[in-house]
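Shown next, in structure tokens, is the structure this report addresses.
The values are calculated or read from the model by the stated rules, or taken from the named source; none is laboratory data. These numbers were taken from a predicted model, which means no experiment stands behind them. Methodologically, a virtual Cβ is constructed for each residue, glycine included, from the backbone with ideal geometry; neighbour enumeration extends over all protein chains shown. Protein only, heavy atoms only, side chains kept; ligands, DNA and RNA dropped before computing areas. Shrake-Rupley method; radii C 1.70, N 1.55, O 1.52, S 1.80 Å.
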Amino acid sequence: MDDDEEVVIIGAGICGLATALALHKKRIKCIVMERAESLRNVAGAAIGIRPNGWRALDQLGIGDNLRHTAVRLKRAREISLDGGKKKELSLVPWDGEARCLRRKDLIDTLYAALPLGTVKFSCQLESIKLDPHSTRPILRFIDGSSNRAKVVIGCDGGNSIIANFLNLKTTKMFPSSAIRGLTNYPNGHLFEHEFARLWKDNILVGIIPVDDNMVYWFCLLPYIPKDEKIWVDPGVIQQVTLELVSDHPQEIRKMIENTDMKSLSITHMRYRAPWDLLTGSFCKGTVTVAGDAMHVMGPFLGQGGSAGLEDSVVLARAMAQLGLNGFESGSKLTVHGVEEAFNRFVKQRRMRVARLSLQTYLTGMLWGTSSFLKKIMYIVLLILLFHNQNGHTDYDCGDL
Ligand SMILES: Cc1cc2nc3c(=O)[nH]c(=O)nc-3n(C[C@H](O)[C@H](O)[C@H](O)COP(=O)(O)OP(=O)(O)OC[C@H]3O[C@@H](n4cnc5c(N)ncnc54)[C@H](O)[C@@H]3O)c2cc1C
């Protein structure tokens with residue numbers, strides 16, 4: 001064995017970094033192993049955070065730092081541009097705190113709050129198995145090194161090796177994709193402090209100001225583009241988006257023309273079926289998953305990242321409640337204690353993420369289907385199950 005560690009987190013995305021920070025605050029030593037060579041703080045451009053996400057960020061002690069980076073959003077407005085006419089479909093005031101953060105600000109802030117050296121880059125996990133004698137997880141990395149960890153937390157995203165080890169059902173793909181980008185307006189933009197959703201021919205363009213100069217936009221397509229080059233070439237992504245919005249108002253076309261090319265990306269959206277969340281075993285011994293590795297969902301409610309932040313708080317609290325905290329606590333990490341903490345964590349998260357994921361799924365299916373009957377069915381289910389469509393933002397993950 002090359003190295004042995006106590007608590008190993010796989011993946012330095014939002015959830016992995018947040019979990020490391022939550023554990024650090026509870027004085028539980030951990031390391032994060034990330035396959036990329038450096039922080040992945042550009043992909044995805046920006047992320048909307050509603051009140052439930054802010055509660056988690058405040059528990060992590062970084063809410064105030066991040067508040068300064070983004071303006072507060074007052075409402076959501078939905079507009080139809082079909083038939084060449086602008087028609088307001090809905091206007092919903094947002095009472096609680098809602099802001100759209102640059103992913104870079106969020107990831108960099110989480111990283112900066114961690115002790116130096118917590119994240120180890122260029123460490124791509126290849127496989128995980130249990131030592132038949134000690135039942136301790138053995139992590140093997142693609143560079144040939146291995147690590148016998150006492151505890152493993154898989155925050156390795158929607159295509160997770162740790163989730164496979166736990167025998168979770170494979171994630172599924174929505175028949176749709178999302179293009180995202182950031183546009184800077186050096187002299188300020190004229191967009192309102194709101195989340196605007198513009199519909200035209202079943203293509204959704206979303207616009208959210210980050211601050212008075214920066215705007216985050218996305219475009220949801222109810223199909224997967226066939227052109228292979230779009231997945232790697234920002235120039236092609238921009239061209240495709242411009243074609244999609246060719247008869248949108250001029251300010252939209254200009255916004256896409258002036259996008260920061262580095263921020264452009266396209267994603268094929270994945271989800272874990274809500275019913276699989278109800279039945280899946282999210283921990284085995286001292287191994288568990290959190291964030292997208294547990295509950296990857298479409299972006300239709302903009303809650304996947306915040307759910308990962310909530311996970312981090314609940315997971316670290318469960319470990320501390322069972323007395324597993326204290327920096328010099330190596331010996332405190334008993335297999336039995338960790339198992340109990342993970343069971344507690346999963347129990348507290350299961351219904352929350354299953355409901356979030358179901359609402360996201362129904363919202364995504366409603367948007368993606370062209371069948372009138374199916375649309376009615378999804379609307380009825382949404383009304384029956386989620387009559388307060390913003391109720392999910394009231395969730396409080398509790399104190400760390
Ligand atoms: C179009 C779109 C819009 C969205 N908008 C919002 C929004 O507005 N608000 C919101 O809250 N959420 C939103 N989300 C969801 C949000 O982006 C995700 O839920 C969140 O980024 C997941 O974070 P994570 O850390 O769990 O996973 P990831 O961000 O996927 O991070 C996983 C990390 O693990 C690393 N990794 C993977 N495999 C290995 C391995 N084998 N070895 C080592 N490292 C590994 C990866 O390199 C990566 O750094 C959106 C998603 C999409 C697709």
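Observations
- Hits among lysines - C-alpha to C-alpha of residue 262 under 19 Å, sequence gap 8 or more where chains match: 104, 229, 254
- In the chain, Cα pairs under 8 Å separated by at least six residues give a relative contact order of 22 percent.
- Out-of-range pairs (alpha-carbon distance over 19 Å; input 26/120; 169/375; 29/332; 150/332): 26/120; 169/375
- For residue 86, the lysines whose Cα comes closer than 17 Å to its Cα, not counting residues fewer than 8 places off in the same chain, are 200.
- Under 15 Å from the Cα of residue 172 - aspartates and glutamates, other chains or at least 8 residues apart: 276, 292
- Relative contact order computed over region 174-263 (Cα-Cα under 8 Å; 6+ residues apart), in percent: 34 percent
- Residue-normalised accessible area of region 174-263, expressed per residue, 1.4 Å probe, Å²: 47 Å²
- Part-to-part distance (alpha-carbon centres) for region 79-109 and region 114-155, which is given in Å: 39 Å
- Crossing angle, helix 372-385 versus the chain [Cα axis fit, 0-90 degrees, rounded to tens]: 50 degrees
- Dividing the mean sequence gap of close Cα pairs (under 8 Å, 6+ apart) by how many residues region 126-245 holds gives a relative contact order of 17 percent.
- Whole-Hz couplings from phi, Karplus 6.51/-1.76/1.60, listed for region 239-250; x for Gly and Pro: 4, 4, 5, 4, 5, 5, 9, 4, 10, 7, x, 4
- Relative to the longest principal axis of the Cα atoms of the chain, the long axis of helix 335-368 makes an angle of roughly 10 degrees.
- Antiparallel bridge percentage (DSSP; both residues within the chain; nearest 5): 70 percent
- Cysteine residues of the chain whose Cβ has no partner cysteine Cβ closer than 4.7 Å: 30, 100, 123, 219, 283, 397.
- Solvent-accessible area per residue for region 61-118 (1.4 angstrom probe, square angstrom): 54 Å²
- Shown for the chain: the carbon plus sulfur share of the solvent-accessible area, taken with all protein chains present and a 1.4 angstrom probe, equals 52%.
- Residue 265 long-range amide H proximity, modeled H, under 5 Å: 180
- Heavy atoms of residue 140 accessible to a 1.4 Å probe, total area in Å² rounded to 10: 100 Å²
- Computed over the Cα atoms of the chain, the ratio of the radius of gyration to the Kirkwood radius (Rg/Rh) comes to 0.97.
- Separation between Cα centres of region 31-59 and region 228-295, rounded to whole Å: 15 Å
- In the distance distribution for region 174-263, Cα-Cα pairs more than 19 Å apart total 36 percent.
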